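Please read the structure below before turning to the comments.
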Amino acid sequence: MTRPISILWFRHDLRLDDNLALHAALAHGKVVIPIFIWEPEAEGEWLPGRASRCWLHWSLKGLNAALRGVGSRLIIRQGNTLDNLLRLLEETRASAVIWNRRYEPAIAARDQEIETALRRKGATVETFNALTLFEPWTVQTKSSTPYKVFTPFYRACLALPEPSAPMNAPTAIGRPRKWPTSVTLEELRLLPRIPWDAGIRSTWAFGEAAGNARFDDFISESLADYLDRRDRLDMKGTSCLSPFLHFGEISPRRIWHSVREAMRRRKQIGLRPAAEGYLRQLVWREFAHHLLFHFPRTPSAPLDHTFERFPWRNDPQALRAWQKGQTGYPIIDAGMRQLWTTGWMHNRVRMLVGSFLVKDLLIPWQSGARWFWDTLVDADLANNTLGWQWVAGCGADAAPFFRIFNPVTQGERFDPKGEYVRQWVPELANLPDKWIHKPWQSPEAELRKAGVELGCSYPRPIVDHDEARQRALEVFRKLRSE
């Protein structure tokens, strides 16, 4: 008797642990054909950036190794997704196609068309949620409208039934008698021809095992101090799980329940508020997906329509200085250089560099969002959109536009000894702590002693912050008075 065969379509769920679609595929008939289809054009205007492609390459490699460890393998195809799925149904005589949902506007619309077409061909289609704790449409106000403010959204999430317990990875996956054809991972050409990604490769370990190991280290070493250290740039205080969450290499349900279990198991003073603070950030991610689902135009357009009239400046030279980490403000330049080298940046610095771009330079937030999209290994459309609209003051629950971060005082507060700056802006490494965040105020003797020549070895500030702040506030006042 022929055993039923199901096709498991991997997307942003590149793991075996707590993968609902995988368990459903196994329940369908034990024989599972895992497939990944590379069709970047389906993403619409948000084609995967270069840093994301690098991560994806190594993540797929890790997924294939994990599948082989349980007796399976990853089939890779490229081109039109529906055509590939239909061909695979015919080649394998599979009766079901199963996947975990994505919620980006272009992808969600495409997936609906694929589901309809597959059902017309007689295939069973099942879809699941492995990306978020709650479906984006399940959290609503009392008037059945989407939330635009985080705190009531957070309370509403806590009032819902707790996310169900995560499911363990299977120990074996049934294989077909004959495997369908597959292109090689290298044929996708996800890695750059010129190896500019060396910093990314040396900074990160990729894949499900690496994500779980990083999370375990965070739980045991850093969770208790999370509230005290999460904003410090010179300390290991955050989990750095954002790329693993984006690519689905770690389950948000696994994180949620592991943190809750740590709260119950460990009686350390202060652990509960620290753990709750960390889980609040996980719900902030939920908020991002909630907003993108309900307001699909926000990746390119402000949620607050007033900002459609904002008189942004077109300044390619200043934009380029910001991108290269050559603004003359050490904390800004350190963050942008960390981003370029590692594909990641601390969230506090993301706020600082974002504020500098849109408020000190008056350059559109969309320009920053596009740069982050191309250079972040955790480039996630929901999180990227929420972050940039928040810092620009034009999104949901956004920081008011008149909140303009001072790059000097922020640096002195969150990198008090300049260790973060010294790591990423080595030309300033020998400056005393007093001047590390404001070298243009340093006495000439101190600059000479440190080997710093402003305008030569390190740029002078491209804008005066105090003047830029007043200019931004005046532009904002005029906008609101129109």
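Observations on the structure shown:
- Ranked by the mean number of other Cβ atoms within 10 Å of their residues, highest first, the peptides 375-383, 250-258 come out as 375-383, 250-258.
- Equivalent ellipsoid semi-axes, segment 315-369, via Cα gyration tensor eigenvalues times 5, rooted, Å: 16, 12, 10
- Hull shadow area, averaged, segment 368-482 [alpha-carbon convex hull, nm²]: 9.1 nm²
- For the chain, the longest principal axis of the alpha carbon atoms and the long axis of helix 20-29 meet at an angle near 10°.
- Pairwise Cα separations in segment 5-130 fall into 10 Å bins from 0 onward with the following percentages, short to long: 12, 47, 36, 6.
- Each semi-axis of the equivalent ellipsoid for segment 87-144 is √(5λ) with λ an eigenvalue of the Cα gyration tensor; in descending order they amount to 28, 12, 10 Å.
- Calculated on alpha-carbon atoms, Rg and Dmax of segment 149-227 in Å: 20.5, 53
- Computed from Cα atoms, the angle from the helix 330-342 axis to the main principal axis of the chain rounds to 30 degrees.
- Likely footprinting exposure, Cys394, Cys456, fewest C-beta neighbours within 10 Å first: Cys456, Cys394
- According to the calculation over all Cα-Cα pairs in segment 237-315, the P(r) per 10 Å bin from zero is 14, 34, 24, 18, 8, 1 %.
- Between 0 and 90°, nearest 10: helix 381-392 axis offset from the chain longest Cα axis: 20 degrees
- With viscosity 1.306 mPa s and temperature 10 °C, the Kirkwood radius over alpha carbon pairs of the chain converts through Stokes-Einstein to a diffusion coefficient of 66 µm²/s.
- Asp83 paired with Leu454, simple spin-label distance in nm, labels 7 Å along Cα-to-beta-carbon: 6.0 nm
- Cα-based equivalent ellipsoid of segment 287-329: semi-axis lengths in Å, sorted from largest, via gyration tensor: 29, 15, 8
- Taking one quarter of the surface of the convex hull spanned by the alpha-carbon atoms of segment 285-387 gives a direction-averaged projected area of 6.3 nm².
- Kirkwood hydrodynamic radius of segment 196-259, from the reciprocal of the average inverse Cα-Cα distance over all distinct pairs: 12.6 Å.
- Over all orientations, segment 211-352 has a Cα convex hull whose mean projected area works out to 10.7 square nanometres.
Read-outs: derived from the displayed coordinates by stated rules, not from any lab. Everything quoted here is computed from the prediction, not taken from an experiment. Because the Cβ atoms are built from the backbone with ideal geometry, glycine has one as well, and the counts that use them run over all protein chains shown.
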